[in-house]
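Here the structure is laid out as structure tokens; the discussion comes afterwards.
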Amino acid sequence: MNYYKDVIKAMKKLQTGGKTLFLAQDQGLEHGPEDLPGETLNPDYVFNIAEKGEFDGFICQKGLAEKYGSSYKVNKIIKLNGKSLLGPKDDPYSPVLCSVRKAVDLDAKAVGFTFFPGSKYQYKIAEDFRKIQEEAHDFGLPVTCWLYPRGKAIKNDLDPKVLSYSARIGLEIGADILKMKYNGNPKDMQYQVKCGGKAKMLMAGGPKAKSSKDFLKQVEEVNRAGAQGFAIGRNIWKHEQPIAMSKAIRDIQVRGKDRYSALKRFDKD
Amino acid sequence: MNYYKDVIKAMKKLQTGGKTLFLAQDQGLEHGPEDLPGETLNPDYVFNIAEKGEFDGFICQKGLAEKYGSSYKVNKIIKLNGKSLLGPKDDPYSPVLCSVRKAVDLDAKAVGFTFFPGSKYQYKIAEDFRKIQEEAHDFGLPVTCWLYPRGKAIKNDLDPKVLSYSARIGLEIGADILKMKYNGNPKDMQYQVKCGGKAKMLMAGGPKAKSSKDFLKQVEEVNRAGAQGFAIGRNIWKHEQPIAMSKAIRDIQVRGKDRYSALKRFDKD
Amino acid sequence: MNYYKDVIKAMKKLQTGGKTLFLAQDQGLEHGPEDLPGETLNPDYVFNIAEKGEFDGFICQKGLAEKYGSSYKVNKIIKLNGKSLLGPKDDPYSPVLCSVRKAVDLDAKAVGFTFFPGSKYQYKIAEDFRKIQEEAHDFGLPVTCWLYPRGKAIKNDLDPKVLSYSARIGLEIGADILKMKYNGNPKDMQYQVKCGGKAKMLMAGGPKAKSSKDFLKQVEEVNRAGAQGFAIGRNIWKHEQPIAMSKAIRDIQVRGKDRYSALKRFDKD
Amino acid sequence: MNYYKDVIKAMKKLQTGGKTLFLAQDQGLEHGPEDLPGETLNPDYVFNIAEKGEFDGFICQKGLAEKYGSSYKVNKIIKLNGKSLLGPKDDPYSPVLCSVRKAVDLDAKAVGFTFFPGSKYQYKIAEDFRKIQEEAHDFGLPVTCWLYPRGKAIKNDLDPKVLSYSARIGLEIGADILKMKYNGNPKDMQYQVKCGGKAKMLMAGGPKAKSSKDFLKQVEEVNRAGAQGFAIGRNIWKHEQPIAMSKAIRDIQVRGKDRYSALKRFDKD
Amino acid sequence: MNYYKDVIKAMKKLQTGGKTLFLAQDQGLEHGPEDLPGETLNPDYVFNIAEKGEFDGFICQKGLAEKYGSSYKVNKIIKLNGKSLLGPKDDPYSPVLCSVRKAVDLDAKAVGFTFFPGSKYQYKIAEDFRKIQEEAHDFGLPVTCWLYPRGKAIKNDLDPKVLSYSARIGLEIGADILKMKYNGNPKDMQYQVKCGGKAKMLMAGGPKAKSSKDFLKQVEEVNRAGAQGFAIGRNIWKHEQPIAMSKAIRDIQVRGKDRYSALKRFDKD
């Protein structure tokens, strides 16, 4: 059991005031450069935001960590699997692209893994996850698990039953941090958080929101629902004032402000 | 052969008066939070029952053991494979979710594995089982095997022929403890126990019974049929008086009482 | 090459007067308890026959060897693969259920493996066999290979062409002992033995014969055809006088008697 | 992170004036001897060009490196996977034909791997790549990745969206050098280079161009678009003056000349 | 690179006057005992020919090498994969039946492997080959590769394009010796030899020729076409005077005689 104490310690280093905010960019792989307009295509631009903003860590693939990561002071969370949009339409599976050992070499403070509950590849996904979870824990590294219910068997991936079941799966299989979608209903998120138990819930940022206000409303609701925090990509690095956005989120998350007050960040910065 | 002496010793530590009673909760993964109403969703609630009730051990997945297990004094049996209801309909297969090595790290006193006789994935299941059984025995850990005949080839999973064949399979492949359904016919259970030979038979609790009396009737019949004991989940932790239920079962199982006498537990507690 | 000398030595310990007689019981797994009437369901009953009869070894699965084997003085041959009748109809494949290493732990004097020439799973079977054959030889253990031609591509598994080809396959892939069916034609068995070359031919006992006389007739024919011996299950442990049957077979096999003389065993015992 | 410094150092040894030019011949395997007319069928002929021309390295399969490579002074880049045209039509997959360890034994200065974005075998390809990339980096060897989008899901492998996405995939998964096709549009190449980020872009030479002028026009355009260099086969070793061609490319690439000036090489040599 | 020097040395020990003649018998496995008439069924008969004839080595499966090989003084080449004719019709695949390590234990001087260019199992074949080629070279053992183009995608396995492509594949993947069919056209063989480069070409003997003269005509043509030698089975051990046949081949191959002169061997012996 001692190994788990190291994981708990490592988890605390990924928190500010007991809460967590991660910046993430794996869209280059997952969606392609079309989703990385202008300077966001340049990993240096995004790493710079990660360093300057108020983040507990930055999530990216091995390639970015290897080629850009050593120049920036920010906790790195290496995403260990992933996939592109090229290739035939099918139930989703993300092959493992980085070993735990390499993530350790790259000084990762946690690892990330996408699990697709409901995919017809769920058995292979579960195998991959087991190996990674156990090896990561051997190194005292927390495991962040994207729980995205998908595949032909999933009719609605925002159905609260599907979301809460997925959260519980994350807890049962030994994820330490759950990264999941928010379906817009605060009560569902509250239950989702509860189903995750001691596995910490992070809201996935999702596509760019219409406005900062809209996005911060979600942040406020999810924070109030008891989530541990946020893992956000496009709503930060696609934002005109990404550093300000990180501060605005923190205002709500750890400084007890409401979204209207947090919105003032965009005037100040 | 010496290694097997350690297994026998370890088996004895999972007995009270020569009989075995396990509490189990893997429904969070297998059925989803819908099957965990109210406070039963909280692993602390269930671990607390496991500690306070009269149990020889508590069966759960790695995730619960890691995050909650170290706070409770109870023998832990880690379930090494499992599956969720999400995903396409198919013959059943439960991927391995925890290694024997990790179960040892978590101070498990035995391991659990679900085997589906009749599934079209039976070859893969047999492979998984072999590796786990042998590694567990290397560590001196007993192997509890859920023997649930299922898949398109199984017309009736309560057919005594299918049940007795499954019990014998458990014995032949080297399971130490068999967890199986009771089809309601005491004679069938008697034969089932015999087919298991020196592999010890535990009745699986199944869905919540209509009444405590109904459930204790099964306990009485199965105990009289020569079973080693019970591995029960919902009929205990979904019960209003779970501790009392554990004592009532023990009254029948090891204190020679009948079900009517055992029912009095619910007045006392 | 030295390793093979150990195999040859080990082979000699499985012979009496240059001939071999094995008792076998894997029907619990292969056919289910329906094929184990009365006391034959109890492994102790069968192990007792193995110890008291005139046998060079007893063949069983790991589960029986672990739980019953240490109490009986008889050479144990552990069957390393096997399958049940439950599950979908398909070409046959027997998953590996015991490693060579575990067989060594269990003090096995040889290992057994079922190979299905003609099965669509023949590639996987050949892979499994290679690993087991080589590891067994590393430990100096002889490998007994069941050669049962089966699958949709095999129209008649008693066709002498199919049987003789299967025997030669056994020799080419490195089996030390071949366990095969006798098709009732002594000339075919003679050729089958020749095709096996220095790999020793054992006749598989098959289903219970109508009478002891009928069965001993086969024994006499096969022995005369040059076979190394017999690996028999049901015709011994389903027999009313199993010890006498073992002696009767030995009368023919090593004491130069004919079947009529051997039949007298059943009056004496 | 230290391991990556070795990779960067090794990368520099594969550059001349900050730019890279590789000779390549894997067409014997990929297209068959029909694509190797006259003396180009003889590996000595091609190795000789590699040694005498102005190249930073020569790319070939293990077989050529083993049997011919030790006689020639040229940096060797071993291609680790590959396939032939024989066999059924299908989405492409190139099995691994050489381990990283063997490439190291053969004194390789980098390794090569073909990745087919869009192939239905993309998961297996990604697995193979991960293992090779990580082991190569353990040895401090740069990884050159052929990124050839192909398979039924790819309608046009020269579509700039597909090419730029493929380049980004190369960066994300940890390739150090990208070998990709040029679709003839300099702006697309410019974006492609940008998408590759710090992973260095090499143009694949493709089929023999109509004239030296036509080919050098491509070289000029791609060089101007910011590519790191070229990995060229047929346009060099099928050329009548292969050494002159290598010098002509270098004239444009590192000596600041235009294609008209470079063309003069063919009169001089 | 040093490891390859050992392979070259080992190659020379398999030559007489710079040429190679192997006896082969794997037809027991590949075709069944029907192809082994009379005494040729007895491995001792064939091993004896291998010892007494003028051969550089004898090719057989592990089973024969283990059980008969130690009694005969002849270089042994162990065939590492193989298959039988039993089983469903399909594109060909030969599972690995012997590890390189076991071949080394059996004192093999080289190993053999059948590769089927064009088979739909080509990826698996390539994987198997890679592992075997690399491990064999680690031990300094040459790798003989049967290159038999087959499968639905191959319309004519004697098409010179297919044969020459297959020879080049052998060279590229690192085979040291190529065993291939002769299509009867000396010019095609000449090109085939050239495509194999420094990988040495052996003609496969094929089915029993009508007469010794017919067979020696092939030998003469192939030898003149520049092949390294021959790997022959049925045309030797099915011949009435197998030793004489080995000498007749050598007369042509290394003693500069023509087929008419070589035919005189059959009068002398």
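The values are calculated or read from the model by the stated rules, or taken from the named source; none is laboratory data. Please read these numbers as outputs of a predicted model, since none were measured by experiment. Virtual Cβ from ideal backbone geometry, glycine too; neighbours counted across all protein chains shown. We work out accessible area using only protein heavy atoms, side chains counted, and drop any ligands, DNA or RNA first. Shrake-Rupley method; radii C 1.70, N 1.55, O 1.52, S 1.80 Å.
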Residue count, segment D:104-114, condition in contact (Cβ under 8 Å) with a residue 60 or more places away in the chain and open to solvent by 10 Å² or more (accessible area, probe 1.4 Å), comes to 1
Requiring at least 3 residues that are more than 16 Å from the chain's Cα centre (by Cα) and crowded, with 20+ Cβ neighbours inside 10 Å, the helices (runs of 4 or more DSSP H) wholly within segment C:221-266 are C:242-253
Given (1) more than 14 Å from chain C (Cβ to nearest Cβ); (2) over 30 Å from residue B:127 (Cα atoms), residue B:183 misses just (2)
Residue E:127 fails exactly one of (1) farther than 25 Å from residue E:63 by Cβ; (2) at the interface with chain D (Cβ under 7 Å from one of its Cβ atoms); (3) of a type outside the set (Gly, Ala, Ser), namely (1)
Apart from one, (1) surrounded by 23 or more Cβ atoms within 10 Å (Cβ to Cβ); (2) within 14 Å of chain D (Cβ to nearest Cβ) all hold for residue A:121; the odd one out is (1)
Just one listed residue, out of E:181, E:213, is modelled with pLDDT of 95 or more and under 17 Å from residue E:24 (Cβ atoms), and it is E:181
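Does residue D:100 satisfy being farther than 16 Å from residue E:171 by Cα, under 16 Å from the mean Cα position of the chain (by Cα) and of a type in the set (Val, Ile, Thr)?
On the way: farther than 16 Å from residue E:171 by Cα: yes; under 16 Å from the mean Cα position of the chain (by Cα): no; of a type in the set (Val, Ile, Thr): yes.
No.
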Listed by first then second residue, the pairs whose first member lies in segment D:65-82 and is closer than 17 Å to residue D:111 by Cα, whose partner is in a helix (DSSP H, G or I) and of a type in the set (Gly, Ala, Ser), with beta carbons under 6 Å and at least 6 positions apart or on separate chains, are D:74/D:50; D:76/D:65; D:76/D:69; D:78/D:65; D:78/D:103
Among helices (runs of 4 or more DSSP H) entirely within segment C:1-103, at least 1 residues that are open to solvent by less than 10 Å² (accessible area, probe 1.4 Å), within 12 Å of chain B (Cβ to nearest Cβ) and in contact with a strand residue (DSSP E or B) (Cβ under 9 Å, 6 or more places away or on another chain) occur in C:27-30, C:43-52, C:62-68
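So which residues in segment A:110-129 are assigned to a loop (DSSP other than H, G, I, E, B) and in contact with a helix residue (DSSP H, G or I) (Cβ under 8 Å, 6 or more places away or on another chain), if there are any at all?
Filtering segment A:110-129 for residues assigned to a loop (DSSP other than H, G, I, E, B) gives A:116-121.
Scanning segment A:110-129 gives A:116, A:117, A:118, A:119.
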When segment D:133-152 is checked residue by residue, the ones that are in contact (Cβ under 8 Å) with a residue 60 or more places away in the chain and within 11 Å of chain A (Cβ to nearest Cβ) are D:137, D:138, D:151, D:152
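Considering only segment A:17-30, state which residues are under 16 Å from the mean Cα position of the chain (by Cα) and farther than 30 Å from residue D:169 by Cβ. Please lay out each step first, then the result.
Keep residues of segment A:17-30 that are under 16 Å from the mean Cα position of the chain (by Cα), which gives A:19-30.
The one that is under 16 Å from the mean Cα position of the chain (by Cα) and farther than 30 Å from residue D:169 by Cβ: A:19.
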Selection from segment E:253-264 of residues touching a helix residue (DSSP H, G or I) at 6+ places or on another chain (Cβ under 6 Å) and within 15 Å of residue E:55 (Cβ to Cβ) yields E:253
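Considering D:161, D:198, D:208, which residue is farther than 23 Å from residue A:41 by Cβ and either free of Cβ contacts under 8 Å to residues at least 60 places away in the same chain or under 18 Å from the mean Cα position of the chain (by Cα) (or both)? Before you say what the answer is, go through the steps one by one.
Working: D:161 fails: farther than 23 Å from residue A:41 by Cβ; D:198 fails: farther than 23 Å from residue A:41 by Cβ.
Matching residue, one of D:161, D:198, D:208: D:208.
What is the residue count in segment C:188-213 for residues that are small (Gly, Ala, Ser) and within 14 Å of chain E (Cβ to nearest Cβ)?
In the first step, residues of segment C:188-213 are kept if they are small (Gly, Ala, Ser); the result is C:196-197, C:199, C:204-206, C:209, C:211-212.
Those still in the list that are within 14 Å of chain E (Cβ to nearest Cβ) too: C:196-197, C:199.
Adding up the residues that qualify gives 3.
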